[in-house]
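Here is the structure we will look at, set down as C-alpha cells.
The values are calculated or read from the model by the stated rules, or taken from the named source; none is laboratory data. In this text the structure is predicted, and so the values were computed from the model without any measurement. Every residue, glycine among them, receives a Cβ derived from its backbone with ideal geometry; neighbour counts consider all protein chains shown. To get the accessible areas, we keep the full protein, side chains included, count just its heavy atoms, and leave off ligands, DNA and RNA. Shrake-Rupley method; radii C 1.70, N 1.55, O 1.52, S 1.80 Å.
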Amino acid sequence: MEGDCLSCMKYLMFVFNFFIFLGGACLLGVGIWVIVDPTGFREIVAANPLLFTGAYIMLAMGAMLFLLGFLGCCGAVRENKCLLLFFFMFILLIFLAELSAAILAFIFRENLTREFFTKELKKHYQGNNETDVFSSTWNSVMITFGCCGVNGPEDFEKTPHFRLLHSDDVVPEACCQRELQSRDGAFVSKEDCLMGRDMYQNRQGCYTVILNSFETYVYLAGALAIGVLAIELFAMIFAMCLFRGIQ
C-alpha cells in the first residue's frame, strides 16, 4: 500500500513539474517577445528602465522555472533525495518572491491611475526631444497605439516644457495621423495637425486605448499567475512527501 502511494506521489510530482517546465518555457517566450518585438513595444521597453528591468526579470524567472521543472522531473523519476531537496528550496524561494511581487503590485496599483499619468505627462513631456527618455517613451506609445496624450490632445494645452519648446504647435507630431501607424509611416497632413485641425489628429487618449487593448491580457496574466502559484505550491508539497517517502 505504501509502495503504491509512493508511486502515485512520484508520478504526480512528475506531472506538476512538467507544468512548471512548460510555464518556464512560456515566460521565456514572452520575455523574448517583449524585448525583440518589432512593432514598437521594444522601443518603449528599452526607453523605460522599469520595463527594461521587468522584461529581463521575466526572462530570468522563465529560465529558472524551466531549469527547476527539469530538475524536479529528474528528481521524481530517479527518486533522488538531493535533487528533490534542491528543487524544494529553490521553488520555495521563487514562490515567496512571486507572492511578494504580487502584494507590492496590489499595494502600488494606485500609481497607475489616469490622474497620475496626466500629472507626469504635463510635468515632464518635452515634445520631439528624443534625447529625453520620458518624452521619447511617450512618443513611441502615441505613435504605436495611434493616440494622443493621456486623455486627448487637450493635455498639451498646459504642458510647460512642450509649450516652451514648441510654442507654434498645438500638439506634438506624435499625435498626428499617419497612413501607416509607425515611425516610418507618412503623415496624412502634418501641418494641419500641428495647427490644431481635429481631423488630422489622433483624438483618443492613450490611457483609454491602452486599457482597452490590454484589459483582456491583464485578466489572463492574473489568472496565469494564480495558476502558476498553485502549481508551485502543490509541487512543493509533493516534493516534500516524496522526499520523506524515499528510503
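Restricting attention to the stretch 147-176, the residues that are within 17 Å of residue 210 (Cα to Cα) and part of a loop (DSSP other than H, G, I, E, B) total 6.
Out of curiosity, is residue 103 among the β-branched types (Val, Ile, Thr), closer than 30 Å to residue 231 by Cα and assigned to a helix (DSSP H, G or I)? Considered against the rule, which asks whether it is among the β-branched types (Val, Ile, Thr), closer than 30 Å to residue 231 by Cα and assigned to a helix (DSSP H, G or I), residue 103 comes out as yes.
Please tell me if residue 133 is in contact with a strand residue (DSSP E or B) (Cβ under 7 Å, 6 or more places away or on another chain) and among the β-branched types (Val, Ile, Thr). Reasoning before the result, please.
Values: in contact with a strand residue (DSSP E or B) (Cβ under 7 Å, 6 or more places away or on another chain): no; among the β-branched types (Val, Ile, Thr): yes.
No: the conditions fail for residue 133.
Take residue 144 and tell me if it is under 21 Å from residue 213 (Cα atoms), without any contact (Cβ under 8 Å) to a residue 24 or more places away in the chain and open to solvent by less than 50 Å² (accessible area, probe 1.4 Å). Can you show your working first?
Working: under 21 Å from residue 213 (Cα atoms): yes; without any contact (Cβ under 8 Å) to a residue 24 or more places away in the chain: no; open to solvent by less than 50 Å² (accessible area, probe 1.4 Å): yes.
Taking the combined requirement at face value, the residue does not satisfy it.
It is to be established whether one or more residues within the stretch 170-178 are of a type in the set (D, E, K, R), at pLDDT 80 or above and surrounded by 15 or more Cβ atoms within 10 Å (Cβ to Cβ).
yes
So, residue 136, is that one open to solvent by less than 40 Å² (accessible area, probe 1.4 Å) and either at pLDDT below 75 or of a type in the set (Ser, Thr, Tyr) (or both) or not? Answer is yes for this residue.
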